[in-house]
Amino acid sequence: MTHATPVVLVIGNTSTADTLSDLTALAFDAADRLRLHAVVAVGMEHNVDDYAGVVLDPSWLDSTSAAVLGAEAMERDMCVMTPEELHATFEPTRACTHCGAVRPSARPRLIGGTWTPSVCGGCAQASAVHRSLAHAA
Ligand SMILES: [Zn+2]
């Protein structure tokens, strides 16, 4: 699987509904703060080479598939950060990454299992945005 846009892979233990929910929230934060697409790694059907970077949740060692992916990511010369580094280094996006307006409704949207960078409600509703987001840098 290849991506037209930089996508961040969030790696951690997804074996229970609770931990999956935590990682989904972390992926939301990653998409918002990094202004990139973000997806939670579920299972091992991911190639870390396809991703722009990795957010490694501390739970990654609790899961075999996450441990394998995490180890692969660390072997690469790629950006790997912890949730603490994400939150300490990057501020939440307050503006829509599509129209640029500062709107409270600007937040990542979940499309096909991938969080988009933050967009406002109006832009999220325009189906054209989905196409343009897919080609955004
Ligand atoms: Zn907008």
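Values in this text are rule-based calculations from the coordinates and carry no lab data. Here the structure is a predicted model, which is why all the values come from computation and not from measurement. Virtual Cβ from ideal backbone geometry, glycine too; neighbours counted across all protein chains shown.
Sequentially through the range 81-94, phi angles give Karplus couplings (6.51, -1.76, 1.60; θ = phi - 60°) of 10, 8, x, 4, 5, 4, 6, 7, 9, 10, 7, x, 6, 10 Hz, Gly and Pro residues having no value and appearing as x. From least to most packed, judged by other beta carbons within 10 angstrom and beginning with the fewest, Asp62, Asp29 follow the order Asp62, Asp29. Here the convex hull built on the C-alpha positions of the chain has a volume of 104 cubic angstrom per residue.
Spin-label model, Val42/Thr5: points 7 Å from Cα along the beta carbon direction are separated by 2.1 nm. Annotation: amide H-H contacts under 5 Å for His37 (H modelled 1.01 Å from N, sequence separation of 5 or more, or interchain): Val8. The string of couplings for the range 15-30 from the Karplus curve (6.51, -1.76, 1.60, θ = phi - 60°) is 7, 10, 4, 5, 5, 5, 5, 4, 6, 5, 5, 5, 5, 4, 4, 5 Hz, one whole number per residue in order, with x for Gly and Pro. Taking the DSSP beta bridges with both ends in the chain, the antiparallel portion is around 35 percent. Applying 1/(1 + (r/R0)^6) with R0 = 30 Å to the Cβ-Cβ distance of Thr16 and Ser105 gives a FRET efficiency near 0.45.
Computed from the C-beta positions of Ala88 and Ala52, the FRET efficiency with R₀ = 22 Å rounds to 0.70. Between the amide H of Thr93 and those of Arg33, distances stay under 5 Å, these residues lying 5 or more places away or on another chain, with hydrogens modeled in the peptide plane. Taking amide H atoms as placed 1.01 Å from N in the peptide plane, the amide H of Ser15 has no partner under 5 Å among residues 5 or more positions away or on other chains.
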